[in-house]
1. Determine the relative contact order of chain A: mean sequence separation of Cα pairs under 8 Å and six or more apart, normalised by residue count, in whole percent.
2. How many nm separate the modelled label positions at A:GLU137 and A:ILE23, each set 7 Å beyond the Cα in the direction of the Cβ?
3. Kindly identify the range B:61-142 as rounded, prolate or oblate by the Cα gyration tensor criterion: order the square roots of the eigenvalues as a ≥ b ≥ c, call it rounded if a/c is under 1.5, otherwise compare a/b with b/c, prolate if a/b is larger, else oblate.
4. Test of understanding: ordering A:HIS224, A:HIS86 by Cβ neighbours within 10 Å, fewest first, what list do you get?
5. Determine, from the Cβ-Cβ distance of A:ASN467 and A:LEU362 and an R0 of 35 Å, the FRET efficiency 1/(1 + (r/R0)^6), rounded to the nearest 0.05.
6. Between B:LEU106 and A:SER449, with labels modelled 7 Å along Cα→Cβ, what's the label distance in nm to one decimal, could you check?
7. So what is the diffusion coefficient of the range A:373-461 in µm² per second by Stokes-Einstein at 4 °C and 1.567 mPa s, using a Kirkwood Rh over Cα pairs?
8. List B:PHE41, B:PHE50, A:PHE57 from most exposed to least, where exposure is judged by having the fewest other Cβ atoms within 10 Å.
Amino acid sequence: MLLIFFIFSIILCLSVFLLKKKIITNLLSKIFLAAHSFISINAYLKINQFDSPYYKFDSLAVLLSFVLSILSVATFYHSYLYLKRHKVSKRQEANYYAALMMLITAMTSAYFAENLAVLWASVEATTLLVSILIFYEHTEEALEATWKYLFICSVGIAFAFIGILFLSMTAGNNGLTNLSISGLISIAKLMDPLWLKISFLLALTGFSAKMGLFPLHTVAVDAHTVAPPPISAFISTTLMNVGFLAIYRIFTIVAHTEIIDWVQNVLLIVGLLSVFMATIQLQRVNHFKRMFAFSSLEHMGIVALGLGAGGIGFYAAILHLVFHAFTKASLFYQVGQIHQFFKSYWIKDVSGYFKLNPVGGLSVLFCFISILAIPPSGLFVSEFLIFKALFINNHPFVAIAVLVLLSFIIYTILKNVLHLLYDDVPVGLNFENVKVNQYETISQFVLLSLVIYLGINPPLFFTNLINGAISVLN
Amino acid sequence: MTYLFIILYAITLIYFALSERTKKFIWLLAIQGLILFGVVFFSLNEIDIFDFIFILLETIIVKTMVVPWFLNKVRKHNQLKREHEPYVPVFYSIIVVILILMVSFLLSSYLNNGNMHTQYFTVAFTSIIFGGYFIIIHKNIFSNVVGYLIIENGIFLLSLAVGSVMPIMVNLAILLDIFMAVLILGLFINRVGDTFKSLKTEYLSKLKD
C-alpha cells in the first residue's frame, strides 16, 4: 500500500513540476491530500500490521501520520494564500507544491519505516527537500540559512549513520542480518551495552538537528527565521516529529537493555540544556519568528524530559508532541497575516495588532495561551504530567530547575506578545497592499480547539494510539 | 595488501593537514577515492557480486572522478586558489592529526570485539574526527565541504570495518555520497559565491539575534 502511495506521489509531483499549470497544480494537490488522508486512515485500520518488510503501521507512526494529514491540509491552504500574496510565477508555484508534496511523502516514509536504514534514508531525503523550500524566497538570508541547514544537517545525519553502523555491528554479532526495528528490539538484551551507548549518543546528536533539540538546534532556528511561514509551520512541527521519531525508534531498542537508566539520564541532561538554551536565547531575541523557533526548542526539551523521566512521562511526551504541533503550526500560519500588516517580523516594528485585525489578534492571544501551557490548553495537561513524572521518579531538582527557566520564558514571551497585541500602532504604517482573507484564521481556531478538546476529553482511539506507541517500551 | 592502502589513506590525511591549496585538496580526495577502491578490491571479495560492482563503481566513478571533477569546476567558477589563513597553523594541524591517529589506535584496541577490523577502524575514526577538525579550522565553505567529504570517506571505511555482515549499510554510504555531490555541492556553493562574491564563512553570519 505504501509503495503504491509513494509511486503515486512521485507521479503527482512530477506532473505538477513538469506541467506548471495552475488548474492542474490545484487539482493534483487536492488529490495528493486526499491520498495522504486515505493512507493515514488505512494505516489506522491495519494497525500493527506490516505493510512490507521495510514498513509497519505502528501506533506512533499512525498518530504522527494523522497529525501530518491534518497539518498538510492547513499548510496547503496557507501556502495557497502565501503564493497568491506574493504573485509568484506558475513555474515558482509548481516548484513549491512539487517540493512540498515530496517532503510530505518523505516524512510519511520516515514515520512508517520499520527498518533503521530506510528511516535514515527518509530523514536524509526530508533534509534535501525542505532545503528547497527554505531557499524559496532566494534572499541572502535564505541562502545562508539553507546552506547552514543542509551542511549541518548532513554532518549530523552522517553522525547518526555512524550510530546506526555501530548498532548494525553489535546486532550482527548476535546473528541479526538486517536493521528491522522489531528484530533489534528482540535481541536488544544480547547486544553489547558499550556499543549501544555509543550508538544512542551518535544518533541523538545527529537527529537533534531534525528534532530541533540541543546540541544541533541552531540550524532549525535559522531555517524557521527565513522560510515562508507555512513552511516554518511544517519545519517546527511535523519535521521535528520526524526527528523525535528517529530518536524514539533507537530509544525503544535501548529501553529493553540494562543501559536504559543511563539513556534516560542523557535525555534529562539534553532536555534541561535545551530549555536552558531557549531561556538564554529568548532573553535577547528581537525577531518574532526566531522567538517561536526558540519556543520550539523549549518544547522539544520538555519532550526529551518526558522521555527521560519515564513512567507517565512517556505518555505525556507524545501527547506534548502532538499538542505542540497543532499550536505551533497555528502560530506560524498567523505570522503570515501579521507580516501582511507590518511587512516585518522584527519585534520593535510590530505592535497594536488587535486594533488592526481583531480576529487575528484573538487567534494570537489563544495561540499564546496555548503555547505557554495555560489552561485550558492541552499543553498544560502534558506539561503537568511531565512534571509529575519528574517528581515521582526522583528528579525533583531537574523539575525545579525547568520550572524556574520556564518562568523566565513565560515572562519574555508574554512581554513580546503584549507588545504585539496592545501597544500603539506604529506611525506611518502603509495598509495599501494588505490582503487578508477574513476566513483564513478559521484553520487556527480549529487547531487550537483540537488542542483543548484532546487535552480535556481525549477520545479513546487517541489515547489507545499513544498507549500503543509506549507499549513497545515495556 | 590492504594494510598498505590503509597506511596510504592515513598519509593522505597528514597531507590534508599540510596543504593550503584548494587544488591539492581535490587531488587528495581523488587519491582517497582510489585508495578506497583498492581497499574494497582486496578485502570484500566474498560479498555478493552486485554489491561488489556497485561499490567499485562508487569508489572509482563517484569518489575518484565525478566528485573531484565537480569540485574542480566549482573551484574554477569561484576562482579559488589558495586557502587563506586557516584558524590553526599547518604545523599544529600535523601534530593534531598524529594525535588523533594515536587516540584512534588506542580506542580501536579498547573496543575490539572480534567482528571489527581494527586497522580499518583506526584510520576510519581518524578520518571522521580529522574531517570535523578540518571544517572547524577553515574559514571557507569550499574547504568545509572538503572536510565533509573527508568525514564521508571515513564513514565509508568505517562501514567496511564494521558492516561486512550488512552490505546494505555500505550501499547507504553510497547514497550519502550521491546526495552530497549532487545537491550540496552543485546547487549551493556556486550560489553562495555568486551572491556574496566570496566563499568565506564570515559572510554567512547575517542571521543572528
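Rule-based calculations on the coordinates, nothing more; no lab input. Just so we're clear, the structure is a prediction, and the values are computed from it rather than from any experiment. Cβ sites come from the backbone with ideal geometry, for glycine too, and all protein chains shown count toward neighbours.
1. On the way: 727 pairs, mean separation 68.3, N = 474.
The normalised contact order for chain A reaches 14 percent.
2. If labels sit at A:GLU137 and A:ILE23, their model points lie 3.3 nm apart.
3. Details: a/c = 3.94, a/b = 1.59, b/c = 2.48.
Since a/c reaches 1.5 but b/c is at least a/b, the shape of the range B:61-142 is classed as oblate.
4. On the way: A:HIS224 30, A:HIS86 12.
Taking fewest neighbouring Cβ atoms as first place, the list is A:HIS86, A:HIS224.
5. Values: r = 35 Å, r/R0 = 1.00.
After rounding, the FRET efficiency stands at 0.50.
6. 6.5 nm
7. 78 µm²/s
8. On the way: B:PHE41 17, B:PHE50 10, A:PHE57 24.
Ordered from fewest to most neighbouring Cβ atoms within 10 Å, B:PHE41, B:PHE50, A:PHE57 come out as B:PHE50, B:PHE41, A:PHE57.
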